[in-house]
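Visitor: Please see the structure below; I have some questions.
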Amino acid sequence: MNLRNKIRKWENEVKSRFIGHEQSIHLMIINQLHPRSTTLIRAPRGLGKSTLMLLMLKGICGDDFVVVSGASEVKRGEVVGRLHIPSLEKEGVERVLWAAFVKSRGKAIDEVNRLNPYTTANIHHLMQFGEVWAYGKRARIGDYLLVANENPMDATSFIHPQPFYDRFDVCLFLRSLTLSEKFQLQELLEKHDGNIIDSMPQVLSFEELEEARKQVSQIELDPDQIGFINLIVRDFQACIRDKENSEIKPPTLCEGCHFIRDICSKIREPLSERATVALVHLAKATKWLDGKCDLEDILRMAFWILPHRLSLVRTRNVPADVRELLEAERIKMADRDTRRQWSILNELMKGFDPSLYRLAREVAVEDVVFAEELTKIEKTWIRKDIIKQDETLFSQMDWKISSYGDAVF
């Protein structure tokens, strides 16, 4: 059986034991196909977070994985390592016994929301730098897969910093089962005598997963795919008033802004560049496993990289809010294609054309990302004395260009 078939079998074994959420499970499998993968599962209590987490890990690691539970009082020695006292007493040498969680290739965190801040900081460092420190000693972490779950609505939750969540590649949301799905679950429990997790086989070895990850890393995306990914992420970052460095945040920052109805006005804190990395990983893995990855696939996959990275101005229901933003993004992409605005921009990069420039200015007042790119070209034309500063788009809209050429209010 080749690697792709084994990966598909892994997915099918999980789906046969977990009712519903087929798209989420497929995305979860796709996300494992790059080194040091991290997955976060969010849901209220009793909806199968821990079950799905363990099914995923058993399929690749068998019983050779370690679960850290936030519900217990987790100590540093359990997560990172502890000092070997006999070595210190007899030899005066500080030797660290690294925790099983550090050494295991299969890592699980149950109830992340209950982890104390100190433990969270250690795990954050592990995910960020691929290493851990204890008693002045460092241990490098090899390849692994890490799956975590949490219930943010739990009254015992700690508030973890946003950069910690940003280290998770994707975030999945689980819903409660429909009526017909509840009957399916009862049949499944009877079939496996109530031991769904124990019935999960190990489908492939971690060495085979590493080989699959290697093959995925060699997949090349088309320029259109790379461009689409970069454009999606930039649309969720761009702000003409530089919200990234401003102490004033939306909606106050957006008052009177020309782009008040755009996607940017709904986002309080923008995406990090890790969103780009995560989406590239997903696109490559999809192309390897499914044989294709079109622009619609990329837009759908964006749903799983946004919820835990975005901070919205108004939040009612996070999954629904993100879907609404992505639908607005879909419309925006279609409008861009209709206007052929990137072709216009490419032509202007080759040289100044008065008629194209007028057309580009009309487009720019409705597209902040296009506007910031046009601003860069205008700066070049100003230096070459092709146009004057007061003739630029932003000057006429009561904006100005900073000394570094960035558009600011």
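Please treat every number below as a calculation from the coordinates, not as lab data. Everything quoted here is computed from the prediction, not taken from an experiment. Note that we place each Cβ from the backbone using ideal geometry, even for glycine, and neighbour counts take in every protein chain shown.
Visitor: Before anything else, pin down the relative contact order of the chain: Cα pairs under 8 Å, at least 6 apart, normalised by residue count, whole percent.
Guide: Relative contact order here is 17 percent.
Visitor: Another question about this same structure. Over the Cα atoms of region 223-408, how large are the radius of gyration and the largest Cα-Cα distance (Dmax), in Å?
Guide: Taking only Cα atoms of region 223-408, I get Rg and Dmax of 17.4, 53 Å.
Visitor: Before anything else, pin down the relative contact order of region 3-217: Cα pairs under 8 Å, at least 6 apart, normalised by residue count, whole percent.
Guide: 34 percent
Visitor: I would also like to ask the following. Given a 10 angstrom Cα cut-off, can you work out which residue in F129, F168, F236 is the most mobile in a GNM of the chain?
Guide: The residue with the greatest mean-square fluctuation here is F129.
Visitor: Can you give the local net charge around N317? Use residues other than it whose beta-carbon is closer than 13 angstrom to its beta-carbon, Lys and Arg +1, Asp and Glu -1.
Guide: Result for the local shell: +3.
Visitor: Would you mind checking the tilt of helix 295-305 against the longest principal axis of the Cα atoms of the chain, expressed as 0 to 90 degrees and rounded to 10?
Guide: 60 degrees
Visitor: Separate question: With a Cα-only, solvent-free Debye model of region 3-217, what are the log10 I(q)/I(0) values at q = 0.10, 0.13, 0.14, 0.15 Å⁻¹?
Guide: -0.47, -0.77, -0.88, -0.99
Visitor: For the chain, what size does the Cα cloud have along each of its three principal axes, sorted from largest down, in whole Å?
Guide: Sorted from largest, the Cα extents of the chain read 75, 60, 43 Å.
Visitor: To the nearest 20 debye, what charge dipole does the chain have about its Cα centre, counting +1 at the Cβ of each Lys and Arg and -1 at the Cβ of each Asp and Glu?
Guide: 540 debye
Visitor: Oh, and also: For region 223-408, with the dipole built from +1 on Lys and Arg beta-carbon atoms and -1 on Asp and Glu ones, taken about the Cα centre, which of L295, A360, S343 lies farthest toward the positive end?
Guide: The listed residue farthest towards the positive side: L295.
Visitor: If you don't mind, another one. Given a Förster radius of 41 Å and the C-beta distance between Q23 and L356 as r, what FRET efficiency does 1/(1 + (r/R0)^6) yield to the nearest 0.05?
Guide: Efficiency, rounded to the nearest 0.05: 0.45.
Visitor: Extension gain Q218-K191, at 0.36 nm per residue separation less the Cα-Cα distance, in nm?
Guide: 5.6 nm
Visitor: In the neighborhood of K103, defined by Cβ-to-Cβ distances under 12 Å, what is the net charge if each Lys or Arg adds +1 and each Asp or Glu adds -1?
Guide: +2
Visitor: How much net charge surrounds D224 when only the other residues with a Cβ under 12 Å from the Cβ of D224 are counted, with Lys and Arg +1 and Asp and Glu -1?
Guide: Every neighbour counted, the sum reads -3.
Visitor: How many nm is it between the label spots at L97 and I387, if each spot is 7 Å from the Cα in line with the beta carbon?
Guide: 7.0 nm
Visitor: Further question: Show that you can apply the helix-only estimate: for the chain, add -39,500 (n - 2.57) for every DSSP H stretch of four or more residues, divide by all residues, and state [θ] at 222 nm to the nearest 500.
Guide: -14500 deg cm²/dmol
Visitor: If you put +1 on each Lys and Arg Cβ and -1 on each Asp and Glu Cβ, how big is the dipole of region 223-408 around its Cα centre, in Debye rounded to 20?
Guide: Dipole of region 223-408, to the nearest 20 debye: 280 debye.
Visitor: Would you mind checking the tilt of helix 117-129 against the longest principal axis of the Cα atoms of the chain, expressed as 0 to 90 degrees and rounded to 10?
Guide: 70 degrees
Visitor: Give me the distance between the Cα centres of region 207-239 and region 96-173, rounded to whole Å.
Guide: Computed from Cα coordinates, the inter-centre distance equals 24 Å.
Visitor: Let me ask something additional. Could you list, in their original order, any pairs among K182/K287; K58/K191; K9/K284; K103/K137 whose Cα atoms are separated by more than 23 Å?
Guide: Pairs exceeding 23 Å: K182/K287.
Visitor: Where the centroid of each part is defined by its Cα atoms, how far is region 254-294 from region 25-58 in Å?
Guide: 21 Å
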